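Structure, as structure tokens:
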Amino acid sequence: MNRERKGRVATARIQRRPSAVAGPRIVLRAGREKSLERRHPWVFAGSIERDDGTGDAVAVVDAAGGFLAWGAYSPASQIRARVWSWREEAPSDAGHVERLVRASIARRGALARGDAARLAHGEADGLPGVVIDRYADLLVVQLTSAGAERWRDAILRAALDASGCARAVERSDADVREIEGLAPRAGLLRGDDACAEIVEDGIRYRVDALHGQKTGFYLDQRENRAAVRRHARGRRVLNCFCYTGGFSLAAAAGGAASVVSI
């Protein structure tokens, strides 16, 4: 590629017509729309030229007024808006959020291994600040952003209905809520017991969703537990900060000579 062509490619810009969307909006500084064009779902305070976001949902536009996304507004955070919709004709409302939750649960539930799974994982599923985990018949919901808090009722309604779980817990008590200007909240939503027993790769675990760390169990360590199990035979294993003992049990199941958990 010659130098002249490289220059043309580097300075190319997407041309948008000024948006006719009414209501609160965030106007970005010139050139700060690139991350949104690449579908990064956060709008940082430092990229904003003008901010008249006074409501829960704001239109994010470029310096020329061209529509980029609908975002959930968070005046207390450096992440001033988190994207819930990329389509101008589909603003984020309760119905849109419920559809996102249902689609995520259907998609991830179909891929789940065993009786425990993450059913929604924040921005990866178009649901900023929303984590939904299932442990057998127990559902755990964690909301950590102002946008997720705004649509709490819609999220819980869709999650409880789509999951079919008999019991549910909310664990919206992560420290990051303080940055969003939100108070912590945790408690039972459905049922009278926040503990569940799950089986992962033949090993039984007891999960305390209300008092345990995160949402009760580290589902994202499944592959690492399996790796420890494969390499544990005949070895002496020390598991520091063992929490529920997931790695300890995996090592023991893999034939470890001894396992010490701290």
Placing +1 on each Lys and Arg Cβ and -1 on each Asp and Glu Cβ in the range 42-159, then taking the dipole about the Cα centre, the residue among Gln78, Gln142, Val43 whose Cα reaches farthest towards the positive end is Gln142
When only alpha-carbon atoms are used, what values of Rg and Dmax, in angstrom, describe the range 199-258?
11.6, 36
Take Leu238 and Ile262, extend 7 Å from each Cα along the Cα→Cβ direction, and tell me the distance between the two endpoints in nm.
0.6
Filter the chain for me: DSSP H helices, axial length by Cα at least 24 angstrom, mean Kyte-Doolittle hydropathy not below -1.0. List them by residue number.
94-111
How long is the chain along each principal axis, judged by its Cα atoms, biggest number first, in Å?
66, 53, 32
Between the range 34-99 and the range 200-262, the Cα center-to-center distance that results, in Å:
40
Given unit charges at Cβ for Lys, Arg (+) and Asp, Glu (-), the dipole magnitude of the range 48-148 about its Cα centre in debye, nearest 20, is 440
Can you give the charge dipole size of the range 109-218 about its Cα centre, rounded to the nearest 20 debye, using +1 on the beta carbon of Lys and Arg and -1 on the beta carbon of Asp and Glu?
100
Dipole magnitude of the range 210-262 about its Cα centre (Cβ charges: Lys, Arg +1; Asp, Glu -1), debye to nearest 20
200
The answer for the chain, accessible area per residue at 1.4 Å probe in Å², is 52
Would you mind calculating the relative contact order of the chain from Cα pairs under 8 angstrom and at least 6 residues apart, reporting the percent as a whole number?
11
For the chain, which whole-number percentage of the solvent-accessible area (1.4 Å probe, protein heavy atoms only) is attributable to carbon and sulfur atoms?
51
Please give, to one decimal in nm, the separation of the simple spin-label points placed at Asp52 and Asn224, each 7 Å out from Cα toward the Cβ.
4.8
Return, for the Cα atoms of the range 42-155, the radius of gyration and Dmax in Å, separated by a comma.
15.2, 50
Computed over the Cα atoms of the range 137-246, what is the ratio Rg over Rh, Rh following Kirkwood?
1.04
If you average the sequence gap of Cα pairs under 8 Å that are 6 or more apart and divide by the length of the range 72-141, what percent do you get for the contact order?
22
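The values are calculated or read from the model by the stated rules, or taken from the named source; none is laboratory data. Values in this document were obtained by computation on a predicted structure and should not be read as measured data. Don't worry about glycine lacking a Cβ; one is built from the backbone with ideal geometry, like all the others, and counts go over all protein chains shown. Surface accessibility is based on the protein's heavy atoms, side chains included, excluding ligands, DNA and RNA. Shrake-Rupley method; radii C 1.70, N 1.55, O 1.52, S 1.80 Å.
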